[in-house]
1. Return yes or no: is T146 closer than 27 Å to R132 by Cα, of a type in the set (V, I, T) and modelled with pLDDT of 95 or more?
2. Read through the list (1) of a type in the set (V, I, T); (2) within 18 Å of V109 (Cβ to Cβ); (3) buried (at least 19 other Cβ atoms within 10 Å of the Cβ), then give the number of the only condition that V138 fails.
3. Determine whether L201 is in a helix (DSSP H, G or I), open to solvent by 30 Å² or more (accessible area, probe 1.4 Å) and closer than 26 Å to P90 by Cβ.
4. Looking at L234, is it touching a Leu at 6+ places or on another chain (Cβ under 7 Å), assigned to a helix (DSSP H, G or I), within 20 Å of I430 (Cβ to Cβ) and not β-branched (V, I, T)?
5. Taking only pairs six or more apart or across chains, which ones have beta-carbon atoms under 8 Å, a first residue in the range 66-81 that is under 15 Å from T368 (Cα atoms), and a second residue that is open to solvent by 10 Å² or more (accessible area, probe 1.4 Å) and hydroxyl-bearing (S, T, Y)?
6. Looking at D376, D383, which is the one that is closer than 25 Å to A122 by Cβ and open to solvent by 30 Å² or more (accessible area, probe 1.4 Å)?
7. Going by the conditions given, is A354 closer than 22 Å to A86 by Cα and either in contact with a helix residue (DSSP H, G or I) (Cβ under 9 Å, 6 or more places away or on another chain) or open to solvent by less than 10 Å² (accessible area, probe 1.4 Å) (or both)?
8. Does R435 fit the bill of being basic (K, R), modelled with pLDDT of 80 or more, surrounded by fewer than 24 Cβ atoms within 10 Å (Cβ to Cβ) and over 29 Å from Y288 (Cβ atoms)?
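The values are calculated or read from the model by the stated rules, or taken from the named source; none is laboratory data. All figures in this text were calculated on a predicted structure; none of them were measured in a lab. Here the Cβ is made from the backbone with ideal geometry for all residues, glycine too, and neighbour counts use every protein chain on show. Accessible surface is based on the protein model in full, side chains and every heavy atom, while ligands, DNA and RNA are left aside. Shrake-Rupley method; radii C 1.70, N 1.55, O 1.52, S 1.80 Å.
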Amino acid sequence: MANDTTAAARSAAPATPEKPSAPENPSAPENPSAPEARATPGTAETPETPETPETPAPSSGRLPLLALLALATAVFVTSLTETLPAGVLPGMSADLGVGEAAMGQAVTVYALGTALTAVPLAARTAAWRRKRLLLTSVAGFAAANTVTAVSSSYALTMGARFLAGVAAGVAWALLAGYARRIAPPHLQGRAVAVAMTGIPLALSLGVPAGTFLGEAVGWRAAFTAMTVIAVALLGWIALAVPDLPGEAHGGRAPVARTLKVPGVLPVLAVTFTLVLAHTVLYTYVAAYLGHRGLAGSTGLVLLVFGAASLAGIWFTGRHIDRRLRILTLAGTILVAVAAAVLAVPAGGAGLVLAAAALWGFGWGGAPTLLQTAVADAGGEHADTAQTLLVSLWNAAMAAGGIAGGVLLDVLGAGALSWSVLVLLVPVVAIVAGARAHGFPARPAARR
């Protein structure tokens, strides 16, 4: 939700080339990420030196697709590692000797790893070169998925999932910002949309493929495949993604100051509640389908959901720079309609598939929309706002995994869709009310 959320020191005089200055980028990064470098204005005592961008945006005004697709693959690895247990939950549960509700905490533990470490790790690694940090994160996924694939212990599996979540916190803290920085200013929203295609691709292709692979060969093969993809991605990033500087020390705004910026709190509130609602049902979708007598249709339902998510993010990428508010409202309402359909006990597989399509189309653009909204609202504090979004996103996933497990054990699978419907009511109210800041009626200007 994984992913996708700064100051480069300026030299005092041209004689200090070891600290090249970065071009000003007021539209700080977005994502599931914390942002990147932004130049600090010169002072009267220290005249500004001419800026020489280390890695300028493409002069042709075109998107650097090869680099963006590598970032999209990193998002894919992050998102699929996060959600894969939802597709192979029965097999993991049986093999490790625990109930499905307990096995569903594999998603919760992953999210906790991100939520608890995103803010401190973003601060500790702020000065790292961006490519070095991204490579470290992807290597962490390779290691964690390898341990998960070979583990026969529930405790060891959960430990590996926590470490994968830590790697995700690092990744989400830079991916969206990375995408924005290597794109021309007028295409930054679209660049993030390209990078975020990794999320619907993970849902439309990755999870169904992992589910089918898990049913045919075993769930361990699915996690082994994740390791292979991560190792290949390391080479792709090394060859195709331009390197960028980290932040100067002291460039990150305090959390308390960021939360006072108008618009930041509404976006964070919407993020937490919307992700919580989604996760409650998505984590236990296999159990829900079993309750509906459709246990054999999990892969197909996830395929439809993911394909619709891909269409949703494509549509979002086309219109986000002009209609962020409308897209956020429309997406939330579509997810609510899908939840209402799923809450009705009558109806066969066709109705469930139709609801999955609505759910996916409404949800697909959510990561890009929320990352863009918090970056625009945060302004000069967008880097800290992005890190907070990453933490809250994953805290909501952890809470959703716990809440969904409790609902499943206490009230049964039928309560899952009703809980989604209830949670989405305040989301619509907050987005509708934040028309001045957070989800403005007029699009934010970007340079």
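1. In short, yes.
2. With (1) of a type in the set (V, I, T); (2) within 18 Å of V109 (Cβ to Cβ); (3) buried (at least 19 other Cβ atoms within 10 Å of the Cβ) applied to V138, the lone miss is (2).
3. Details: in a helix (DSSP H, G or I): yes; open to solvent by 30 Å² or more (accessible area, probe 1.4 Å): yes; closer than 26 Å to P90 by Cβ: yes.
Here the answer is yes, as L201 does meet what is asked.
4. On the way: touching a Leu at 6+ places or on another chain (Cβ under 7 Å): yes; assigned to a helix (DSSP H, G or I): yes; within 20 Å of I430 (Cβ to Cβ): no; not β-branched (V, I, T): yes.
For L234, the condition - touching a Leu at 6+ places or on another chain (Cβ under 7 Å), assigned to a helix (DSSP H, G or I), within 20 Å of I430 (Cβ to Cβ) and not β-branched (V, I, T) - is not met.
5. Pairs that qualify, where the first residue is under 15 Å from T368 (Cα atoms) and the partner is open to solvent by 10 Å² or more (accessible area, probe 1.4 Å) and hydroxyl-bearing (S, T, Y), are A72/T197; V75/T197.
6. Details: D383 fails: open to solvent by 30 Å² or more (accessible area, probe 1.4 Å).
Exactly one residue qualifies, and that residue is D376.
7. On the way: closer than 22 Å to A86 by Cα: yes; either in contact with a helix residue (DSSP H, G or I) (Cβ under 9 Å, 6 or more places away or on another chain) or open to solvent by less than 10 Å² (accessible area, probe 1.4 Å) (or both): yes.
Yes: the conditions hold for A354.
8. yes
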